[in-house]
Amino acid sequence: MEGITRMSYLLGKRGVVFKLLAVLLAATAVASACGSDSSSDDAAPAATTAAPAEETATTEAPETTDAPATTATPTTTTEAPPVGPSQGGSASLAIEAEATGLRPWEDTCSSPCYNMMNAVFDKLTEQYADGSYGPMLAKSWESNDDYTVFTVQLQEGVSFTDGTPLTAQHIADMFVVQQTGAASAGVIASSNLIGVEATGDLEVTYTLSATNGPFMAVLSRAPMGMVFNAALVPAGDEDAMAAAANAPTGIGTGPFMVTNRDVDNRTDMERNPNYWMSDNFGTQLPYLDSVSFHPIPDEGTRLDSLSSGTVTAMQTLRQATIRDARTVAEDGSLWMFEFQGNNAGGGMFNVLVPPYDDVRVRRGLIMATRQDAIIAALGGEGISEPATQLYAEDSPWYSEEAAEAYASYDFDGAMALLEDYINDADRSDGKAVGEKLDVVLSCPPDPTLIAAMEVTQQFWNETGLVNTELTAFDQATHINMALGMGNEFRGEHEVHCWRWGSESDPGGENSGSAPWETSPFNFSNWHDPEHYALLEEARTTDDVPTRAALYAQASIMVNEQVPIYFSGGTATAIATAAGLGGFDSWILPDGEIGIGHPSAEGRWGQAYWTETE
């Protein structure tokens, strides 16, 4: 059977062609900008707070070259000139938080970190503009009949940035490291992966313990998909492991190499002169000579740094900032790359901690909260639509029945549930009958998140049955509190802001719903065997309506039990100085357009300054 390089939404007959179901691009046009979102299969948290950059980024203008012009122009809030990429120049991106590290298998990431990792590492697969999966370092693949063995052919002529040729053995060696990686181990378990073997110089065979039709989707995300040289992180070498957090030369095959890593200030990268990929005109990538990343947690300061020319780009996942950036862009000085898809804001309850172990409390608190007021506090009025599940309304997995099951605002219903718990002699928090609930709500200290917390606190306290304490921690601490790496994955959180949903196929791996004892990515610690069985069953069939029905049942169960909750869809944006583009026109090796800028995650290997007319 021939392997293929493109996966469509329908699984075909294996003897004819193997196709993998992938999620539709759940894109909602925002103003005149459009794109796509992916992130958050990693369930990125709702904010950031790394220390701001102390140095200014360079904004060196590119030299115009004879590189062929393309028709790929950015989607902006103003009319962009019909010109293509030039080679050369530098770009500097203000990100909302510092990366905890640049080890795909080890470091839990969100949007800022993925911008950096995407510049250093290539993935085995990538998503097309329609959300389906295609080739990156994996040139082609095929599966056996029951989707338990996947045979992958790698691209030829690829080398790590120190000149070491990429072979199948590197992928097999990665698996040894990934099995104990903080970010990858849970993905391995939930994707049913049990073996990775080099079965040829450029042939890799993945063996699964059970059927997983969408398995190749797993190889499109950082923990298992980003390719690294495991020889640089030998087992037991703690110094090498620590050094890998700074992405030393030779660790990846990507378009850039880290030349300076000044944590909490700036990370500088230079062009990989031997990068293996070219654009559709034969021009070697990347276009840019260098790129730098600058953590600036304050949203207003980050936008000011762009509008003043201190940096040439910024990313944001804040609706209020997008609104402000649109205003700045009205004079044509900025280009806006926006998207709103499956990713949504909200939060979770740690169901191992009383009183959140009782569904009456979880449903009661959410039913006492008005989504529209929270969205307005976040600055998303007129931008974000209320969310009720992991999928947007234009996703193939969206369920109207699940939407109807969501714990929507109902003050009287909320009071009844909370009173029932408070007056229960066997209430789980150990308080006396009639005593108020004590709850702790935490978000990182972003101004819009603080505003949303204060509105939530008002709603909950207005019941007269709840005392609400608000706390705020920097993003790294916020994430680690939920991961629970120090207390057997239980977490140190109570009610926690978080983001949910992504454009990735929902069946690739189910670590977010796996038993909490085995998965740090089950952040709420809620696990229902019947719910998990539905997710597992959805991976055994190639029929879209059947899968959608199974996901609908699973979504209904989540909305009935409320381990997680939603506010509104997450509008995201990369804003750039006019002329810096390429974020919605980058291509896969087969020349097809990629998914764009998911969750404000840029593909900097194909970013460019436009040619001057």
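Residues that are of a type in the set (A, V, I, L, M), over 23 Å from Ala185 (Cβ atoms) and either open to solvent by less than 10 Å² (accessible area, probe 1.4 Å) or touching a helix residue (DSSP H, G or I) at 6+ places or on another chain (Cβ under 7 Å) (or both) within the stretch 101-156 comprise Ala119, Leu154, listed in sequence order.
Applying the condition of being under 23 Å from Asp298 (Cβ atoms) and of a type in the set (S, T, N, Q) to the stretch 447-469 and asking which residue is most open to solvent (accessible area, probe 1.4 Å) yields Gln457. The stretch 465-567 holds helices (runs of 4 or more DSSP H) entirely within its bounds, and those carrying 1 or more residues that are among the β-branched types (Val, Ile, Thr) and touching a residue at least 12 places away in the same chain (Cβ under 8 Å) map to 475-483, 544-561.
Thr540 fulfils the conditions (1) surrounded by 20 or more Cβ atoms within 10 Å (Cβ to Cβ); (2) over 26 Å from Asp298 (Cα atoms); (3) in contact with a Ser or Thr (Cβ under 7 Å, 6 or more places away or on another chain) except for a single criterion, (1). Filtered by the rule that a residue be open to solvent by 60 Å² or more (accessible area, probe 1.4 Å) and more than 26 Å from Ala451 (Cβ to Cβ), the stretch 402-415 gives Glu404, Asp412. Just one of the listed residues (Ser220, Ser209, Ser191) is closer than 14 Å to Leu124 by Cβ and out of contact with any helix residue (DSSP H, G or I) (no Cβ under 6 Å at 6 or more places or on another chain), and it is Ser220. Here Ser384, Ser395, Ser399, Ser428 are screened, and the one residue that is open to solvent by 40 Å² or more (accessible area, probe 1.4 Å) and either in contact (Cβ under 8 Å) with a residue 24 or more places away in the chain or not charged (D, E, K, R) (or both) is Ser428. In the stretch 592-602, how many are closer than 16 Å to Tyr133 by Cβ and either among the polar types (S, T, N, Q) or open to solvent by 20 Å² or more (accessible area, probe 1.4 Å) (or both)? So the count comes out to 2.
Number of residues in the stretch 543-580 that are farther than 18 Å from Ile322 by Cβ and either open to solvent by 10 Å² or more (accessible area, probe 1.4 Å) or of a type outside the set (A, V, I, L, M) (or both) equals 23. Residues in the stretch 291-331 that are more than 21 Å from the chain's Cα centre (by Cα), open to solvent by 30 Å² or more (accessible area, probe 1.4 Å) and either among the acidic types (Asp, Glu) or closer than 22 Å to Thr610 by Cα (or both): Asp304, Ser307, Ser308, Gly309, Thr310, Asp324, Arg326, Val328, Glu330, Asp331.
The values are calculated or read from the model by the stated rules, or taken from the named source; none is laboratory data. Computed from a prediction, not measured in an experiment: that's the story for all the values here. With ideal geometry, Cβ positions are generated from the backbone for all residues, glycine too; neighbour counts draw on all protein chains shown. Surface accessibility is based on the protein's heavy atoms, side chains included, excluding ligands, DNA and RNA. Shrake-Rupley method; radii C 1.70, N 1.55, O 1.52, S 1.80 Å.
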